[in-house]
Amino acid sequence: MADRRLEAPIYWTSYGDWPHTTLMRVRNSWLAAGLVVAVVVASAAVVVGQQRRFFPNEGEGVDPTVSNPRYDGRFTFARLRYNTAPGGYYYCGGIPAWSHGYFPCRGGLRAETNLMKIMDELSYLNPRVDDSVALALDDPELSKYPISYMTEPGFWTLTDKEARAFRAYLLKGGFVIFDDFRPVPFDHGGGGWDNLEENMQRVIPGAQWVDLDVSHPIFDSFFRIESFDIIPQYYDVGRPILRGLFENNDPTKRLVAIANLNTDISNFWEFSATGAKPIDESNQAYKLGVNYLIYGLTH
């Protein structure tokens, strides 16, 4: 991996409480060469102990109670909560689809916590690494978090109120990452790509998704990703498909959303400290996560 430096200030000037200036750069080139094990494993026992308190309803098939930390100005990973469609409580005794990776149940750690540890080591972003937030699409608090993430959008249900609020969030500068879903009938009973596309049509009428290739700046925003062939598959079959949604459907403008179709990148983040997969594969998944965050923070 090349040592990439990001020296320029990052500005947001029109959106809620987002910081006006944040400077990030690589702190040590050796960290860019080996992302995962030392950072993630060191605090595994502590993080697991903290996360268990967030899982009061295991096995009941209902949405568990979430306790979000108070906003303090630091960059914090924001996961999107949604009312899960029927069939979306299939995993780990009944946790909802939106929470996969948020409530670890098979020996991993919270996926976004691991990613934030990597970001903390690679940059001067100073993100929150001890916790993250999970917010509904129409929660006013979402305006404080410039990047949001949704898992299993094949089970995503959407109200008109949520669609309006999420549209405002994206058009004012928000960036969303969709992950962990696949085409029907391989989507564990979910609606796969069709469900995501239909919901995003309600959020941004006329939205046109584009299949991305490595020439897009998001794949060179920190690490240079020269081929999608390096993207590992945790359990999915076939190649991942990465699709983007652009502001005003103009590929020369800002990328508003990116979708990791037919893959589960965050699974590598969640289980990177367990030895379940080779370190090199986890590193490739972290590369994508870091690039997505850097792009979202600079555009």
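Residue-wise, which Karplus ³J(HN,Hα) couplings in Hz belong to segment 224-232, taking 6.51 cos²θ - 1.76 cosθ + 1.60, θ = phi - 60°, and x for glycine or proline?
The phi angles translate into 8, 9, 9, 7, 6, 5, 7, 6, x Hz.
Can you work out the accessible area per residue across segment 74-211, with the rest of the protein chains kept in place, probe 1.4 Å, in square angstrom?
33
Can you order the peptides 237-243, 96-102 by their average number of other Cβ atoms within 10 Å per residue, highest first?
96-102, 237-243
Using only C-alpha positions, report the orientation-averaged shadow area of the convex hull of segment 211-299, nm², one decimal.
Taking a quarter of the hull surface, the average projection is 5.7 nm².
Mind listing the Cα extents of segment 181-257 along all three principal axes, in Å, largest one first?
Principal extents (largest minus smallest coordinate, Cα): 35, 33, 15 Å.
For the pairs 172/287; 144/172; 253/287; 117/277, note any where the Cα-Cα span goes beyond 21 Å.
Those over the limit are 172/287; 253/287.
Quick check on packing: order 62-72, 277-287 by the mean number of other C-beta atoms within 10 Å, highest mean leading.
277-287, 62-72
For residue 257, list long-range residues whose amide hydrogen, built 1.01 Å from N in the peptide plane, is under 5 Å from its own amide hydrogen.
HN-HN under 5 Å from residue 257: 176, 245.
Taking a quarter of the surface of the convex hull around the Cα atoms of segment 95-208, what do you get in nm²?
Values: hull surface 33.2 nm².
Projected over every direction and averaged, the Cα hull of segment 95-208 covers 8.3 nm².
The values are calculated or read from the model by the stated rules, or taken from the named source; none is laboratory data. Not measured: the values here are computed from a predicted model. Neighbour counts run over all protein chains shown; Cβ positions are idealised from the backbone, glycine included. Quick note on the areas: whole protein, heavy atoms, side chains included, nothing else; ligands and nucleic acids left out. Shrake-Rupley method; radii C 1.70, N 1.55, O 1.52, S 1.80 Å.
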